[in-house]
1. As I understand it, the value is the acute angle between the Cα axis of helix 16-26 and the longest principal axis of the Cα atoms of the chain; what does it come to in degrees, rounded to 10?
2. Given Cβ point charges of +1 (Lys, Arg) and -1 (Asp, Glu) and nothing else, what value in debye, to the nearest 20, does the dipole of the chain about its Cα centre take?
3. Rounded, prolate or oblate for the stretch 102-147? Axes are the square roots of the Cα gyration tensor eigenvalues, ordered a ≥ b ≥ c, and the cut-off for rounded is a/c under 1.5.
4. How large is ³J(HN,Hα), in whole Hz, for each residue of the stretch 47-53 in order, when computed from phi with the Karplus curve 6.51 cos²θ - 1.76 cosθ + 1.60 and θ = phi - 60°, using x for Gly and Pro?
5. What are the residues whose amide H is under 5 Å from the amide H of Tyr11, where those residues sit 5 or more places off or on another chain and H is modelled from the backbone?
6. Pop out the ³J(HN,Hα) list for the stretch 89-98 in order, Karplus 6.51 cos²θ - 1.76 cosθ + 1.60 with θ = phi - 60°, rounded to Hz; leave Gly and Pro as x.
7. So what's the back-of-envelope 222 nm ellipticity for the chain, counting only DSSP H runs of four-plus at -39500 (n - 2.57) apiece and dividing by all residues, rounded to 500?
8. Hey, any idea what Rg/Rh is for the chain, computing Rh the Kirkwood way over Cα pairs?
Amino acid sequence: MGMKSAVIRPYVPSDSAAVKMLHTAAFPTPAEATLVEQLHLGGHVPVSLVAEQDHKIIGHVVFSRLHVEVDGRFVSALALAPVSVDPRAQNLGVGASLIKAGHAKAQAEGWEVAIVLGEPNYYNRFGYDSGLVEHLDSPYAGEYLMGLEFVHGALAGHNGAMVYAPPFNNLG
Ligand SMILES: CC(C)(COP(=O)(O)OP(=O)(O)OC[C@H]1O[C@@H](n2cnc3c(N)ncnc32)[C@H](O)[C@@H]1OP(=O)(O)O)[C@@H](O)C(=O)NCCC(=O)NCCS
């Protein structure tokens with residue numbers, strides 16, 4: 001891969017084959033590629049961005065609708081998952097560019113929070129904090145489940161719950 005920086009742009013349906021290949025290459029199994037396909041087809045994806053370099057898709061991030069409520073209050077939330085970068089282009093900042101662009105778009109469109117399940121060492125740098133979601137009931141609760149508030153205090157409260165879009169139930 002060259003050093004020329006990638007262009008970040010919205011996903012369009014004609015990207016689907018290239019995006020499927022990308023996730024298949026980035027993950028050990030095709031589960032994430034299938035998930036991404038189902039999320040798009042089901043209309044669960046308000047924010048979906050690709051990174052393109054020399055007319056090739058080298059990265060993709062999905063933010064899908066997530067049901068979140070805290071103390072009976074609805075919180076407009078997105079789940080960051082999955083994000084993939086072509087193995088030949090990893091550790092060059094492409095993932096970070098996709099995630100930051102996704103946050104900017106989500107915030108501009110009025111979403112209040114993003115939730116991610118992943119490596120704290122990676123996601124903490126974007127501001128994700130497990131403390132913000134520790135009161136949300138979820139099978140994924142723990143240090144790997146983290147929240148980011150675009151609206152300060154959006155997750156504040158005592159008891160809440162979160163439910164991922166249905167295609168996540170098909171993940172192994
Ligand atoms: C995770 C991923 C999207 C990051 O994208 P990237 O463009 O390679 O990453 P960036 O260049 O933005 O950041 C590089 C940093 O991320 C770290 N990193 C990469 N993958 C990581 C992982 N799985 N866990 C923890 N840290 C990770 C690198 O060590 C590096 O850390 P440093 O900045 O402290 O040196 C990419 O590595 C990837 O596609 N991995 C395979 C798929 C995956 O695991 N996706 C995430 C789960 S949904």
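1. 80
2. 560
3. Cα axes put the stretch 102-147 in the oblate bin.
4. For the stretch 47-53, the Karplus curve yields 10, 9, 10, 10, 10, 10, 9 Hz.
5. Counting only residues 5 or more places away or on other chains, the set is Ser48, Leu49, Val50.
6. Whole-Hz 3J(HN,Hα) from phi for the stretch 89-98: 10, 6, 6, 10, x, 5, x, 4, 4, 5.
7. Here the helix-only value at 222 nm equals -7000 deg cm²/dmol.
8. A ratio of 0.96.
The values are calculated or read from the model by the stated rules, or taken from the named source; none is laboratory data. Please read these numbers as outputs of a predicted model, since none were measured by experiment. Cβ sites come from the backbone with ideal geometry, for glycine too, and all protein chains shown count toward neighbours. For the accessible areas, the whole protein counts, side chains as well, though only heavy atoms, and no ligand, DNA or RNA atoms are used. Shrake-Rupley method; radii C 1.70, N 1.55, O 1.52, S 1.80 Å.
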